[in-house]
Amino acid sequence: MKEFVIGVNNVVLYVALAVIWIAAIVMFSIQGFWSGVGVFITGTLTWCIVSGFWFVQSATYEELKKLNAKQG
């Protein structure tokens, strides 16, 4: 079950990144260059921080699972 949750959350993270980039493109056309750049940079940096925490957590889970399999 945990593998399924990790897979779904990975998909959600990449969909969120796509939405951020689409929002940045919309801001380019509606509000102007600097608004679009601001949304792009701020959104991408926020996504990197959140996804970094998530990927570290899921990698830690995988490593613990391997260690438990070796012991048991």
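Students often check this: by mean Cβ neighbours within 10 Å, which of 37-43, 57-63 ranks highest, and how do the rest follow? Write down the numbers at each step before the final one.
Details: 37-43: 14.7, 57-63: 12.1.
The densest-packed peptide leads the list: 37-43, 57-63.
How far is helix 2-30 tilted, in degrees, relative to the longest principal axis of the Cα atoms in the chain, given as a value from 0 to 90 rounded to the nearest 10?
Between helix and principal axis, roughly 10 degrees.
Compute the long axis of helix 33-71 from its Cα atoms, compare it with the longest principal axis of the Cα atoms of the chain, and write down the angle in degrees, 0 to 90, nearest 10.
Compared with the principal axis, the helix lies near 0 degrees.
Can you give the calculated 222 nm mean residue ellipticity of the chain, where each DSSP H run of n ≥ 4 adds -39,500 (n - 2.57) and the sum is split over every residue, rounded to the nearest 500 deg cm²/dmol? Could you put the intermediate results ahead of the total?
Numbers: 2 runs with 68 residues, N = 72.
Helices in the chain give a 222 nm mean residue ellipticity of -34500 deg cm²/dmol.
Average the reciprocal distances over every distinct pair of alpha-carbons in region 2-71, invert the result, and give the Kirkwood radius in Å. If you can, show how the numbers build up before the last one.
Numbers: mean 1/r = 0.0727 Å⁻¹.
Computed over Cα pairs of region 2-71, the Kirkwood hydrodynamic radius comes out at 13.8 Å.
Taken together, the values in this text are just the output of simple stated rules run on the coordinates, not laboratory data. Values in this document were obtained by computation on a predicted structure and should not be read as measured data. All Cβ positions, glycine included, derive from the backbone under ideal geometry; neighbour counts span all protein chains shown.
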